[in-house]
1. From the Cα gyration tensor of segment 37-147, with a ≥ b ≥ c the square roots of its eigenvalues, which class applies: rounded if a/c is under 1.5, or else prolate if a/b is larger than b/c, or else oblate?
2. If we count every other residue with Cβ under 15 angstrom of D123's Cβ, Lys/Arg +1 and Asp/Glu -1, where does the sum land?
3. Provide the per residue accessible area, probe 1.4 Å, for segment 43-147, rounded to a whole number of square angstrom.
4. What are the ³J(HN,Hα) couplings of segment 61-76, residue after residue, when phi is run through the Karplus curve with 6.51, -1.76, 1.60 and θ = phi - 60°? Round to Hz, x for glycine and proline.
5. If you take the square roots of the eigenvalues of the alpha-carbon gyration tensor of segment 105-147 and sort them as a ≥ b ≥ c, do you get rounded (a/c under 1.5), prolate (a/b over b/c) or oblate?
Amino acid sequence: MTKILFFMAGVLMVVLFASCGSNKDLQERAPAQFNEVYYTYNSNGIELNIPVISIQDELVSLDAVYFHGMKSDLKKSDDQPNLYVANFRMGTGEMVMDEDPAKEYGNKPPQLPEESPFSIDDDEAILVFTQEDKIKYYKLTGIVEKE
């Protein structure tokens, strides 16, 4: 009797843990219509630009992006309303080095690597977006470098 009880408890635990696993699937359909996605290098690191042709703001929220081994939040550009920007700090900016630690206060450390939930190439990124209160993923391809 106790063996059956242990077996049933084990099966129940396996089912619970299997159903609690994250349901991370790439979406086939884009959450918005995009122009050519590109990135540039600046004094602080990489700036990824995602120009959006059309999006239903009330239904879809573009949240973050994985690119070149890092993750960054997406923000709407102040200058261009249809442009979403992600900044990745590479630690290449000017840093103050001094004997007095108080003078080094403003230094920003490089961004820590964060692995993408999906395998991507150098010209690809994983877009993290929210739709109907669910977190979803979409692969952006053909990303080019601009100067």
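The values are calculated or read from the model by the stated rules, or taken from the named source; none is laboratory data. Predicted model, so just to flag it, every value in this text is computed and none were measured. In this analysis, Cβ positions are derived from the backbone assuming ideal geometry, glycine residues included, and neighbour counts consider all displayed protein chains. Protein only, heavy atoms only, side chains kept; ligands, DNA and RNA dropped before computing areas. Shrake-Rupley method; radii C 1.70, N 1.55, O 1.52, S 1.80 Å.
1. prolate
2. Details: positive: K139, K146; negative: E36, D121, D122, E124, E145.
Cβ neighbours under 15 Å give a net charge of -3.
3. On the way: 6910 Å² over 105 residues.
Solvent-accessible surface per residue comes out at 66 Å².
4. For segment 61-76, the Karplus curve yields 10, 7, 9, 8, 8, 9, 7, 6, x, 9, 10, 9, 6, 9, 10, 6 Hz.
5. Verdict is oblate for segment 105-147.
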